[in-house]
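Step one of this worksheet: look at the structure below.
Laboratory data are not the source of any read-out in this text; all were calculated from the coordinates shown. Fair warning: this is a prediction, and the values are worked out from it, not measured in the lab. Cβ coordinates were reconstructed from backbone atoms using ideal geometry, including for glycine residues, and neighbour counts include every protein chain displayed.
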Amino acid sequence: MKIIVGLGNPGERYEGTRHNVGWRAVDEVARRHQVALTTVKFQALFGSGRLGDETVALLKPVTFMNDSGAAVQEATSFYNCPLDGVLVICDDINLPPGTLRARQEGSAGGHRGLLSIEERLGTQEYARLRIGIGRGLMEDQREYVLSRFAKEEEEIIAAAIRRAADAVECWRTRGIEACMNEFNVAGADKNGK
């Protein structure tokens with residue numbers, strides 16, 4: 001059993017915002033594997049299906065970013081899923097737009113969704129895949145993460161979402177180390193860093 005969680009905020013107001021790239025990545029995984037995310041379960045839009053030879057649960061928490069941990073805690077408890085079977089996908093303002101960064105564990109780095117998960121699980125030891133959204137020029141970072149991508153940025157982000165779905169498949173089949181080796185470097189190379 002694996003649980004893949006995309007962080008974001010519910011509602012039309014937040015569709016397409018920088019903070020919702022985690023949701024978009026889970027949507028791409030669901031699309032590729034024909035998993036419907038239409039049920040509300042574990043305080044999240046939920047869907048499950050067979051990916052290869054295992055059952056995978058996909059979650060998009062609907063509790064708003066600051067309480068994303070509630071959905072993760074409920075799902076891991078229900079499935080009795082060990083934390084090495086959990087992958088959280090989120091945005092990262094400290095990475096250039098489109099860059100991917102997978103980690104086996106680590107701090108929230110100021111990300112409220114990750115902080116909520118750490119508080120609910122009582123640990124930082126779960127895999128995460130960050131998608132770079134850049135810092136932008138806005139002084140108010142909250143306003144920036146809740147803004148939409150400019151037209152010229154959208155192509156970069158759409159490609160990053162597709163690569164993130166590839167990274168999820170790598171993590172699922174080969175583990176977090178392989179995912180880190182393949183996608184941390186690949187993401188940087190494709191962005192010229």
At 1.002 mPa s and 20 °C, Stokes diffusion of the stretch 1-100 via Kirkwood alpha-carbon radius, µm² per second: 157
Please list 58-65, 15-22, 107-114, 76-83 highest first by mean number of surrounding beta-carbon atoms within 10 Å per residue. 58-65, 15-22, 107-114, 76-83
I'm a student and want to see the number: the projected area of the Cα convex hull of the stretch 2-190, averaged over all directions, in nm². 9.6
If you split all Cα-Cα distances of the stretch 82-127 into 10 Å bins from zero, what percentages do you get per bin, shortest first? 25, 59, 16, 0
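Helix by helix through the chain, keep the DSSP H runs that span 18 Å or more along the axis on Cα and average at least -1.0 on Kyte-Doolittle, and give those back in order. Show your work: numbers first, answer last.
Numbers: long enough: 151-174 (34 Å, -0.56).
Span-like helices in the chain: 151-174.
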Restrict the search to the stretch 128-165; then list the GluC sites (Glu not before Pro) that DSSP places in a loop and that have at most 16 other Cβ atoms within 10 Å of their Cβ. Glu139
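Determine the percent antiparallel among the DSSP beta bridges restricted to the chain, to the nearest 5.
55
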